[in-house]
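J.: Here it is, the structure in full.
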Amino acid sequence: MKVNEKQLEEFLLDADLVSTKRLGEAWDVSLKSGGYLGDALVKRGDITEDELRKTEAYILGIPFVNLKGEKLNFDVLSLIPEPIARNNNIIAFKKTSDSLEVAMLDTDDLAALDFVKKKVNLKILPRLTDTESIKSALLQYQKSLKAEFGDIIEKEAGTIKEVRIGGEDDTKSEEELRKLAEDLPVIRIVDTLLHHAILQGASDIHIEPMEDKVLVRYRIDGILHDAMTLPRHAASGIIARVKVLANLKLDEKRLPQDGRFKIAEGNQRVSFRVSILPTYFGEKGVLRLLKEDTEAFTLETLGFHGDGLEQIHRATKQRTGMVLATGPTGSGKTTTLYTILSILNSPDVNISTIEDPIEYQIPRVNQTQVKPEIGYTFANGLRALVRQDPDIIMVGEIRDSETASLAINASLTGHLVLSTLHTNSASGAIPRLIDMEAEPFLLVSTVRIIIGQRLVRRLCEEKQKYTIREDDLLKLAEHADMDKVLAMLREEKIVGPKESWKSIPFYKPKPSKVCADGYGGRVGIHEVLHVTSTIEKLILQEASSTDIEAQARKEGMITMLEDGIFKAAQGITSLEEVFRVISE
């Protein structure tokens, strides 16, 4: 669905949703590519996709419906089969004696409308909605894994041939294990577990053998949840099936193995990274889910804003230097770098990466994966990359002094280098690099910005509102500059110029049928350390991370905690969630 671009421009300017300057830049992009102005605005992060849909609905005079958090009548919802609803983004939500109201992302999808009309034999009334509403409605097709598939899985697991622990199991031939993996009940169980992990937005699946059972757990929004308990004798078949999918050795049970495979789910492809580890009660499998839809990300949707966002854009416009992302495993560092690469990815530059592993495939980017078992390490790969005439290089992780030295030299010789480090804060990256024998005088010549980050869970639409007490405010002030956070909220027009902390609402999670624990999805909290001339002096003096952070804060850097409080004041997350993540 597209509206007249002039009408779109006039409405956005009248509603003060986009500045004249940003709109002009978006026009240039759309004219060059021959694309739609609205798509250019969304891709640049000027407006969200949902804001565009609401604007288009208003201009076209089509009613807009919000289904987020709404409990739909299952009899009405199921009038449209789930595969049709999922593939065409169309939801049946209200029925009368002669008509059916359907929510859609594209009301011009005549084929979908025609299919539904023929199936239900009612007048179809299309309504426009947003992506979150579609996601919320699609989840209602699915009951919990235990309720919907529990009996089926237990029945199937009961038909799997029992394999004893140790002894006989260890001596099974590869052919016997392959037959077990190709047993229909085993295939059904594994397919069900994968299917529901995708639907529930899990990032990892844990298949854990225990003394008397097999525990399956999903990591959703950073928290592990029990998903299903299976009979102990099902373990061998399930792990064998996962090994077959990942092309691993079936009869190797003494050593860890790693692999990957892909499946198609609806209109998207999902890559699974597999790790198999021998444990006391058998082999444990962990599958990491990687959805191949990184093009949808922008720095804004990842949670960057204000001066930090501008500093990243300025650093990435330079053709030399280093941009570093820091944080623990699972904090979204790689996603941040991939998003920056997507922004920089244009026909006039050559981008090469060396990764372990390659998590997403990006068009026009030359990606290579390290293979330490044959001597192909980050250092060796980086040496090869600089001979490939790259403009931009991404090194998946700087792990040792050799890789650090090569990355620094690459940035000195006319390349923009992006990489990650495992440190607790942005300021901790400098001492870490010096500990890797990087020369301080080279660091001040190369490092442009350092991004520290964590992921916090988003609050669902239904949440509990409250105002902060004076004693709690004083406790927060011991750890964060509350005046700076308040000034930032005013500057970004999130609160009024006269509002104070006494009147700004905060929110707590409110469990509901749609959001079991009150949270859904995650967003980043960040600190962006810009290497200024004063920071450079501290680096040359080999100052501590505490001294570097103190100076950066004096120069305006907001810490991850302060950014978390900023997002809590917006109602995006809760203060409890921010402190949970920061204290980990």
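J.: By accessible area of protein heavy atoms, probe 1.4 Å, what ranking do Ser574, Ser203 get, highest first?
T.: Per-residue accessible area, sorted high to low, gives Ser203, Ser574.
J.: Could you tell me the relative contact order of the chain? Use alpha-carbon pairs under 8 Å, at least six residues apart, and round to a whole percent.
T.: 10 percent
J.: Then there's this: For the chain, give the share of DSSP beta bridges that are antiparallel, in percent and rounded to the nearest 5; count only bridges with both residues there.
T.: 65 percent
J.: What number, rounded to the nearest 500 deg cm²/dmol, is the helix-based mean residue ellipticity at 222 nm of the chain, given -39500 (n - 2.57) per DSSP H run of at least four residues and division by all its residues?
T.: -12000 deg cm²/dmol
J.: Pull up the DSSP beta bridges for the stretch 269-399 and report the antiparallel fraction as a percent, rounded to 5.
T.: 55 percent
J.: Taking H as built 1.01 Å from N, whose amide H comes closer than 5 Å to the amide H of Arg458, not counting residues under 5 places away?
T.: Amide H neighbours of Arg458, under 5 Å, 5+ apart: Gly520, Gly521, Arg522, Val523.
J.: Then there is this: What do you reckon, how do Trp501, Trp27 stack up by accessible area (1.4 Å probe), largest on top?
T.: Putting Trp501, Trp27 in descending order of accessible area: Trp27, Trp501.
J.: Distance between the C-alpha centers of the stretch 344-392 and the stretch 10-61? Whole Å please.
T.: Cα centres, the stretch 344-392 to the stretch 10-61: 34 Å.
J.: With a 1.4 Å probe and all protein chains left in place, how much of the accessible area of the stretch 307-364 comes from carbon and sulfur atoms, in whole percent?
T.: That fraction is 48 percent.
J.: Keeping all protein chains in the complex and leaving out DNA, RNA and ligands, what accessible area do you get for Ile582 with a 1.4 Å probe, in Å² to the nearest 10?
T.: 60 Å²
J.: Keeping all protein chains in position, work out how much accessible area Asp435 exposes to a 1.4 Å probe, and write it in Å² to the nearest 10.
T.: Taking all protein chains as shown, Asp435 has close to 110 Å².
The values are calculated or read from the model by the stated rules, or taken from the named source; none is laboratory data. Treat the numbers as computed from the prediction; the structure is a model and nothing was measured. Protein only, heavy atoms only, side chains kept; ligands, DNA and RNA dropped before computing areas. Shrake-Rupley method; radii C 1.70, N 1.55, O 1.52, S 1.80 Å.
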